Amino acid sequence: MTVSTDFALPPVTLRIGSEARSTGSGTHTHINPATGEAQAQVPLAGAADVDDAVNAAHAAFALWRATPAGTRAKALLKLAQLVEDHTEDFVNLAIADNGIARSNAYPTVNAAVEWIRYYGGWADKLPLGRITSVAGAGGSFGHTLRQPYGVIGAIITWNAPLMSLAMKVPAALAAGNTVVVKPSELTPFTAMLFADLVTEAGIPEGVFNVVPGGAEAGAALVEHKLVKKVTFTGGPDTARKITAACAQTFKPVVLELGGKSANLVFADADLEAAAMHSTFMAFGIMSGQACALPTRLLVQDSIYDSFVATIGAIAASFKTGNPQELDTICGPVINQAAIDRIHSMVTQAQEDGARLVTGGQRLAEDLADGFFYPPTVLADVDPASELAQKEVFGPVLAITRFSDEAEAIALANSTDYGLSGYVWTGDARRAVRVTEALETGEVTINGAPSAVAERPFGGIGHSGTGNEGGLEGLEEFFWTKSVAYGNG
Ligand code: NAD
């Protein structure tokens, strides 16, 4: 397939202070997921580059921390505006980075703008502390001070580079920290334009640094003595390594990991809305490659057969193909390894007794060179099977039936993950009961959006620890000092 675009990819460099370094400790050949063709050689930061970037961020900390809050706010709000002004460029970069469908890339850029603007708004309204005691008879006046950590090490994955930057960087900068970001080597382009705009917004050199790279750069960042806190988005195996490395110096870490989020559809729900939302969310957001998606659909007995048929029909109608075309809903998945993992899980699910409703084979003919897997629906999925228990990170929806509310809750809570929960019901009291019972960091009811800037987002269990979003996401970037004044 030819994916024609007149958009020129930016050269990837390591952004360290005011320097744009074009070599690192190695290179990565970037493959366009829609065509399977090599489209760029990307430098990979090594430990020495990371050391330079952390030192640049450390040197910039005193100035940035002392910068008046109003100035920080103005710069972040300008950054939000600049990102919005470059929407078309970010859409093109997203398509080049990981093949996200154009129709999906626009709302993603809009969401990123909202996140940057939200934290820009906080920068001069920071909750800097509270009075803890007053000087009465024999007492002392006391208060807390919220302090920025210094250098934050941010490690992000490949599925939504701009969103990941927007969820981490503005909050860290608003709180007065400086940042070194390590994007995935699989998606290095977006961070280049973001770094240019950070500079254009008037944020001083060294406050924001980018070291594209792989595991070597990530490990060097985590282990660096001058990195005072780590914020990570990615998979559980890497998270274990990062947590173990942080444990050596008791470095705090935020972990935003994966999920197998349940979507509970009760017979009393608005079934038309539930079917469209459930199907679009499973496949139409980054071809199923996003952490919080409702990938486990639990459907009440009395509507099960007809609801499964509707889901299958909607999924089969979604166009998978050229991400540049506006009517494409599912672009490619990230690479051959993803195709292999997805197909192996779909095959295993059928061996475990699941019924294939639609999809289930890599797309061929004019899509054969890219990494295209169609929306795949599996019904009658055994709740104990691999497909019900493990994240696929691809366009695969697992459907299981339940008889009553208690069974639905038990099934929803039966995995190691705890990221998002989705509930569809027309009964407000049921919505409250189920919400309280779900063991997840987030619950959305009847189609409310997930992962919006003003609400905290984060998981429990194998989905991670800590928050992005809301005041909670800002608080991750402060440590608390307790202060008291005696009479001496
Ligand atoms: P991954 O864990 O393989 O990689 C993530 C990042 O970690 C990359 O930048 C990678 O280079 C880096 N890395 C690899 N080894 C490292 C090491 N030893 N030390 C430090 N850094 C290292 O990520 P993946 O599995 O490809 O990403 C997909 C996962 O990310 C899925 O599980 C998905 O659910 C999760 N995710 C979570 C969120 C969220 O906000 N909760 C958002 C998007 C994706």
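The values are calculated or read from the model by the stated rules, or taken from the named source; none is laboratory data. All values reported here derive from a predicted model rather than from experimental measurement. Note that we place each Cβ from the backbone using ideal geometry, even for glycine, and neighbour counts take in every protein chain shown. Protein only, heavy atoms only, side chains kept; ligands, DNA and RNA dropped before computing areas. Shrake-Rupley method; radii C 1.70, N 1.55, O 1.52, S 1.80 Å.
Using only C-alpha atoms and all pairs of different ones, pull out the Kirkwood radius for the range 262-452 in Å with one decimal. Kirkwood radius, the range 262-452: 16.5 Å. Taking all C-alpha pairs of the chain, those more than 35 Å from each other amount to 34 percent.
With respect to the chain, whose longest principal axis is taken over its alpha-carbon atoms, helix 161-174 is tilted by about 30°. Using the Cβ of Arg102 as centre and a radius below 11 Å, the other residues enclosed give a net charge of -3, where K and R count +1 and D and E count -1. Return the subset of Lys241/Lys390; Lys125/Lys182; Lys74/Lys251; Lys74/Lys481 for which the Cα-Cα distance in this structure is over 24 Å, preserving the input order. Cα-Cα > 24 Å for Lys125/Lys182; Lys74/Lys251; Lys74/Lys481; rest within. The simple Förster model, with R0 at 30 Å and r as the Cβ-Cβ distance, assigns Asp427 and Glu454 a FRET efficiency of 0.65.
Would you tally the net charge around Asp124, using a Cβ to Cβ cut-off of less than 9 Å, leaving Asp124 out, and scoring K and R as +1, D and E as -1? Result for the neighbourhood of Asp124: +3. Counting protein heavy atoms only, the range 49-171 has 59 percent of its accessible area on carbon and sulfur, 1.4 angstrom probe.
Over all other residues within a Cβ to Cβ distance under 14 Å of Ser25, the charged ones net out to -3, with Lys and Arg as +1 and Asp and Glu as -1. The long axis of helix 304-317 is offset from the longest Cα principal axis of the chain by roughly 70 degrees.
The angle separating the long axis of helix 102-122 from the principal Cα axis of greatest extent in the chain is about 30 degrees. Around the Cα centre of the chain, unit charges on the Cβ atoms of Lys, Arg, Asp and Glu (plus for the first two, minus for the last two) sum to a dipole of about 1840 debye. Each part reduced to its alpha carbon centroid, the range 136-153 and the range 187-228 end up 29 Å apart.
Heavy atoms of the protein chains alone define the surface here; on that basis the chain has 38 Å² accessible area per residue at 1.4 Å probe size. This model, with +1 at the C-beta of Lys and Arg and -1 at the C-beta of Asp and Glu, gives the range 262-452 a dipole about its Cα centre of some 180 debye.
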